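A short write-up of the structure that comes next.
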Amino acid sequence: MLKSKYFMSILFTITSFMYLFVGTLFITMEIMFKFPSDHFNPVFMLMFYGFVVMMIFGISYIFIPGIVKSTINVRLAKIEYIIYNAGIISLFTSIELVYTGLRSAVLASSIIIGILLILISVAIHAYNLMFLHHAKYE
């Protein structure tokens, strides 16, 4: 594993580009093959939450601690990363299934759980940036 004070920033940034790639692939498949359905809403949601927000998280973990000469709580950032990705995947797949015509209480619950996971991870991110470790910077 990479031992760097920027590890979580790099991880968030690489993951954001993976979401951009997957979202672009979905859009291309929808335009060319009408796959998996005739809509764009879940794909744009995946690209926004996956690419844009993950990029903002990654960049904020570089700039804000650098400005105040502090470090983030890496353990909290890893928890945030896992919870956020679980939320995005849960929300995207559930909404995609709803748009294809499948309706159930499980899908509705999965959408709510995905939104809650995203909100929890955003709260963890804000907490991690508000209460930085004021340790000596390397």
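The values are calculated or read from the model by the stated rules, or taken from the named source; none is laboratory data. In this text, all values refer to a predicted model and were calculated from it rather than measured experimentally. Note: ideal-geometry Cβ built from the backbone for every residue, glycine included; neighbour counts use all protein chains shown.
Of everything in the stretch 86-111 that's β-branched (V, I, T) and touching a helix residue (DSSP H, G or I) at 6+ places or on another chain (Cβ under 8 Å), which residue is farthest from S16 (Cα to Cα)?
V98
Among what's in the stretch 106-138 and is at pLDDT 95 or above and of a type in the set (G, A, S), pick the residue that is surrounded by the fewest Cβ atoms within 10 Å (Cβ to Cβ).
Taking the candidates together, the pick is A123.
Scan the stretch 2-29 for residues that are charged (D, E, K, R) and at pLDDT 75 or above and jot them down.
Within the stretch 2-29, just K5 meets the criteria.
Scan the stretch 6-23 for residues that are surrounded by fewer than 18 Cβ atoms within 10 Å (Cβ to Cβ) and not β-branched (V, I, T) and jot them down.
Y6, F7, F17, M18, L20, F21
Considering the stretch 60-85 alone, what residues qualify as being loosely packed, with under 14 Cβ neighbours inside 10 Å and touching a helix residue (DSSP H, G or I) at 6+ places or on another chain (Cβ under 8 Å)?
Passing the criteria: only K78.
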